[in-house]
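Where a number appears in this text, it was derived from the coordinates with a stated rule and is not lab data. Values in this document were obtained by computation on a predicted structure and should not be read as measured data. When we count neighbours, we look across all protein chains shown, and the Cβ atoms used for this are built from the backbone with ideal geometry, even at glycine.
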There are 2 protein chains.
Amino acid sequence: MASRLEKKCKECGLKMTGPRKVILRVLSKSGDHPDVEQLCRRVRKCDPGIGVATVYRTVRLFEEKGIVNKHTFGDGRARFEETGGEHHDHLIDLKSGKIIEFTSREIEKLQEAIARKHGYKLVGHKLDLYCVLRKKK
Amino acid sequence: MASRLEKKCKECGLKMTGPRKVILRVLSKSGDHPDVEQLCRRVRKCDPGIGVATVYRTVRLFEEKGIVNKHTFGDGRARFEETGGEHHDHLIDLKSGKIIEFTSREIEKLQEAIARKHGYKLVGHKLDLYCVLRKKK
DNA sequence: GTACATGCAAATCCTTTGCTTTGCG
DNA sequence: CGCAAAGCAAAGGATTTGCATGTAC
């Protein structure tokens, strides 16, 4: 039963190995933005033999193929999420580290306009909002 | 002849040492977004004795004091620029690596509105546009 | 069968730290 | 002078890579 993501991999000409299937499943089930260490832990619950190097190699490969998105928020490590149908940006709660996803068609239109104004075509963007809870007074 | 930045440092209670003066001068003269390695090279043209550790410690300190801004674009390393009077975002030319700065009051207003809608107060943001030159046809 | 994927460990890259020496205030 | 800063080298953390072995197609 090849999942949607597995199909996508095949289309990209990727060999569907055991570790890759597990990593794909974990990614698609993760509602958050796990880093490699977290991915490893989750992946190893399915198959304890999977090594870090494989996870690194796999997410990198997936990123090149557009299957996952890589993020680098403030801290030093990379985080990953499945490339969903919808693009979205991130609001980061600086106190708790919680991440909220959002989209803004208006902002995106403005971005395109800015790129065009400088003679460029927008091919991607990254918008992170760093926030703290509003004090209710 | 204490420069504007040096005054700012004194206000923050920072001891004005030789290395710090040099690093400040290099930062204020840099129109680009140098990483630590580049900073080191530039700084050592003035004073070859300055060590990497000092550069790292200094930029980190400056960042905490709000004297410089730290950026992490796609690649693994941090880049720095003097905190100018005006905040700005970045348009990155994916082919050449060139970085263009821009601001958009409209986008920023929208960002604040989004944060508010989620119950947050916006304290900072990061917006990078990844672009390629527009083909003229 | 063959080219590509994996596991492991060593290697790399960027950044931080420990400790002694130096120097600003 | 006293305490913070600098230099150097060693430590650390994340990610990559070399190599022998395993495996999807």
Query raised in the report: Which residue, of A:Gly119, A:Gly18, is within 10 Å of chain B (Cβ to nearest Cβ) and more than 10 Å from the chain's Cα centre (by Cα)?
Result: A:Gly119
Report task. Among the residues of region B:42-52, write down those that are among the aliphatic types (A, V, I, L, M) and within 9 Å of DNA strand C (Cβ to nearest atom). Result -> B:Val52
Query raised in the report: Across region B:71-96, what is the number of residues that are part of a loop (DSSP other than H, G, I, E, B) and under 21 Å from B:Cys9 (Cβ atoms)?
Result: 6
Requested in this report: Kindly establish whether A:Glu112 is under 28 Å from A:Lys8 (Cβ atoms) and assigned to a helix (DSSP H, G or I).
Outcome: yes
Requested in this report: Evaluate region A:97-109: report whether one residue or more is within 29 Å of B:Val132 (Cβ to Cβ), at the interface with chain B (Cβ under 7 Å from one of its Cβ atoms), under 20 Å from the mean Cα position of the chain (by Cα) and assigned to a loop (DSSP other than H, G, I, E, B).
Outcome: yes
Query - Qualifying residue in region B:41-59 (condition: surrounded by fewer than 16 Cβ atoms within 10 Å (Cβ to Cβ) and within 13 Å of the chain's Cα centre (by Cα)) - result: no
Requested in this report: Output the helices (runs of 4 or more DSSP H) that fall wholly within region A:1-70 and possess 3 or more residues being under 21 Å from A:Lys98 (Cβ atoms), or say none.
Outcome: A:18-29, A:36-46
Query raised in the report: How many residues does region B:74-120 contain that are among the acidic types (Asp, Glu) and touching a residue at least 24 places away in the same chain (Cβ under 8 Å)?
Result: 4
Report task. Restrict the check to region A:3-10 and report whether at least one residue is without any contact (Cβ under 8 Å) to a residue 60 or more places away in the chain and under 15 Å from the mean Cα position of the chain (by Cα). Result -> no
Query raised in the report: Is it the case that region A:53-62 has a residue that's more than 16 Å from DNA strand C (Cβ to nearest atom), in contact with a Lys or Arg (Cβ under 9 Å, 6 or more places away or on another chain) and not small (Gly, Ala, Ser)?
Result: no
Report summary line: Restricting attention to region B:71-96, the residues that are within 7 Å of chain A (Cβ to nearest Cβ) and either among the β-branched types (Val, Ile, Thr) or in contact with a helix residue (DSSP H, G or I) (Cβ under 6 Å, 6 or more places away or on another chain) (or both) number exactly 1
**Report entry** Flag for B:Thr17 being exposed (fewer than 13 other Cβ atoms within 10 Å of the Cβ) and within 11 Å of DNA strand C (Cβ to nearest atom)
**Finding:** yes
Query raised in the report: What residue, among those in region B:63-73 that are surrounded by fewer than 18 Cβ atoms within 10 Å (Cβ to Cβ) and in contact (Cβ under 8 Å) with a residue 12 or more places away in the chain, is farthest from DNA strand C (Cβ to nearest atom)?
Result: B:Gly66
